[in-house]
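Report on the following structure.
The values are calculated or read from the model by the stated rules, or taken from the named source; none is laboratory data. Quick caveat, the model's predicted, so the values are computed rather than measured. Reconstructed Cβ throughout: ideal geometry from the backbone, glycine too, with neighbour counts over all protein chains shown.
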Amino acid sequence: MRSKIVAGNWKMNKNLTDTETLLAELSAKLPDTNAEVMVSPTYVNLAGATRALENSTIEVIAQNMHFAESGAYTGEISADMLLSIGVNTAIIGHSERRAYFGETDAILAKKVAAALAKNIRIVFCFGEELEDRKSGNHFKVVESQLKNALFSLDSNAWGKIVLAYEPVWAIGTGETASPEQAQEMHAFIRKTITEGYNAEVADEVSILYGGSVKPGNATEIFSKPDVDGGLIGGASLVADDFVAIIKAI
């Protein structure tokens, strides 16, 4: 049975003191849940977060990682560096990395391969821009992003992959895909994996929705059969909001 997951992507927010405060609040208020709960502080606070949550069920994950093991890549972080501080999961392919830092499908395929080589679990992000949705190309765009970065993998590798569908037009805009739109795309994603691999792989992979999930819409979005949780942005920065979303799963 595939995992239910609620992951908070904190992006470039929260200094050390803010991070410690939020982690303490989340630890104190975390509800009983069968879902996996993850938080992704900024790089400089990852080690401190893993120590702070040492006795917690909340997992600390990275917002990104480089494909090289080491070398002249100023400002980048390798898989071994993450593992050395107890971080075993990384977000790869977030729309902001694609848009602002030029990460192509080819680069992301290298990052995926590097993560899997080190047994790092991947939260792989993908999704269409507003113009893709308006032109009716959203299914083609999503299919292409999946196939280009992931479909060269052996079927066994999918046990280390979580998918996060991000309609880019619904990230930080206040716009949200309707629960029906989310379900339609998640079902399409599962169908695409079935065709590329088999139904077993497709049925086992968790597919998260990432696009302005809030306490007020989480229950309805999470109720859809192919939506297995959420990659949460802004709402994960407020303890009560994030806890409410966890309860909704």
- Task: Search segment 65-82 for residues that are modelled with pLDDT of 95 or more and pair each with any residue that is assigned to a loop (DSSP other than H, G, I, E, B) and of a type in the set (F, W, Y) when their beta-carbon atoms are under 9 Å apart and the residues are at least 6 apart or on different chains.
- Result: H66/Y73; S78/F67; A79/F67
- Filtered residues of segment 174-203 (kept if exposed (fewer than 14 other Cβ atoms within 10 Å of the Cβ), of a type in the set (D, E) and part of a helix (DSSP H, G or I)): E180, E195, E200, D203
- Message: Just checking, does segment 47-54 include any residue being touching a strand residue (DSSP E or B) at 6+ places or on another chain (Cβ under 7 Å), more than 21 Å from A244 (Cα to Cα) and among the β-branched types (V, I, T)?
- Response: yes
- Query: When the residues of segment 104-142 are filtered to those that are under 29 Å from N88 (Cβ atoms) and not hydrophobic (A, V, I, L, M, F, W, C), which remaining residue is surrounded by the most Cβ atoms within 10 Å (Cβ to Cβ)?
  - Reply: G127
- How many residues does segment 23-53 hold that are over 17 Å from the mean Cα position of the chain (by Cα), part of a helix (DSSP H, G or I) and of a type outside the set (D, E, K, R)? 12
- Query: Looking at (1) in contact (Cβ under 8 Å) with a residue 24 or more places away in the chain; (2) among the small types (G, A, S); (3) buried (at least 18 other Cβ atoms within 10 Å of the Cβ); (4) under 27 Å from A114 (Cβ atoms), which is the only condition A170 fails?
  - Reply: (4)
- Item | Residue match in segment 186-198 (condition: more than 19 Å from the chain's Cα centre (by Cα), within 14 Å of L163 (Cα to Cα) and not hydroxyl-bearing (S, T, Y)) | yes
- Would you mind stating whether T74 is of a type in the set (S, T, N, Q) and farther than 24 Å from K118 by Cβ? no
- Message: Residues that are farther than 26 Å from S27 by Cα and touching a strand residue (DSSP E or B) at 6+ places or on another chain (Cβ under 8 Å): does segment 163-175 have at least one?
- Response: yes
- Message: Looking at segment 202-234 only, could you name the residues that are aliphatic (A, V, I, L, M) and in contact with a Gly (Cβ under 6 Å, 6 or more places away or on another chain)?
- Response: L208, V213, L231, I232
- Message: Just to check your reading of the model, which residue among E96, E20, E76 is more than 30 Å from A199 (Cα to Cα) and within 16 Å of the chain's Cα centre (by Cα)?
- Response: E96
- Item | Which numbered condition L208 fails, given (1) of a type in the set (A, V, I, L, M, F, W, C); (2) under 15 Å from the mean Cα position of the chain (by Cα); (3) assigned to a helix (DSSP H, G or I) | (3)
- Residues in segment 3-22 that are in contact with a helix residue (DSSP H, G or I) (Cβ under 7 Å, 6 or more places away or on another chain) and part of a helix (DSSP H, G or I) total 4
